[in-house]
Amino acid sequence: MLIIVSFMILFLSFGLPIILRQSLGSTELIIKTLISILIIGFFIWCWTNTYYVIDKTRLFAIFGPFKFRVEIQDIKKITTDQKTIGWIIKPTLSWNCIVIECGDFKTLAISPENQDTFINTLTDINKEIKIKYSA
């Protein structure tokens, strides 16, 4: 998705004016180039800096500049095999993810490489976590 959006930004900034035979002034070219570099750089940052860390009491989800912290004892339920479509922000790099529910409307969707090992690690720390396997 990040790659598709990056190409769309480049196309709208540079490809469309070429197709419509519009000339770009030097100021407009510089502004469009800087904006494109910033947005695509942000996407690359999110792509290369997404990871999850479990310590003794907390789960950390890092997604580019965004950092989410969840107390493992606060986790109520984990739902597997969820799709990322339909959510606004998910620190995931996969269409398939797990959704971690921490109580009153607090959820976090993530996509660890090995979901089973990840879930087992969390449930070893908090035995009260309910697991819902979606089909």
*In sequence order, what are the phi-derived ³J(HN,Hα) couplings for segment 59-64 according to the Karplus relation 6.51 cos²θ - 1.76 cosθ + 1.60 with θ = phi - 60°, rounded to whole Hz, with x for glycine and proline?*
10, 10, 10, 10, 9, x
*Could you state the angle between the C-alpha long axis of helix 26-48 and the longest principal axis of the C-alpha atoms of the chain, as a value from 0 to 90 degrees rounded to the nearest 10?*
20
*How high is the relative contact order of the chain, given as a whole-number percent (alpha carbon pairs under 8 Å, six or more residues apart)?*
18
*What is the order of Trp47, Trp95, fewest Cβ neighbours within 10 Å to most?*
Trp95, Trp47
_Report, in listed order, any pair from Lys77/Lys132; Lys77/Lys106; Lys76/Lys130; Lys56/Lys106 with a Cα-Cα distance greater than 18 Å._
Lys56/Lys106
*Report the semi-axes of the equivalent ellipsoid for segment 2-47 in whole Å, largest first, where each axis is √(5λ) for an eigenvalue λ of the Cα gyration tensor.*
21, 13, 4
*Give the distance, in whole Å, between the Cα centre of segment 112-135 and the Cα centre of segment 1-68.*
32
*Per residue and in cubic angstrom, what volume does the convex hull of the Cα atoms of segment 50-132 have?*
88
*Amide H contacts under 5 Å for Thr50, placed H, 5+ residues apart*: Gly64
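FYI, it's all coordinate maths here, none of it is from the lab. Bear in mind the structure is a predicted one, so any value in this text is a computation, not a measurement. Positions of Cβ are generated from backbone atoms using ideal geometry, with glycine treated the same way; all protein chains shown enter the neighbour counts.
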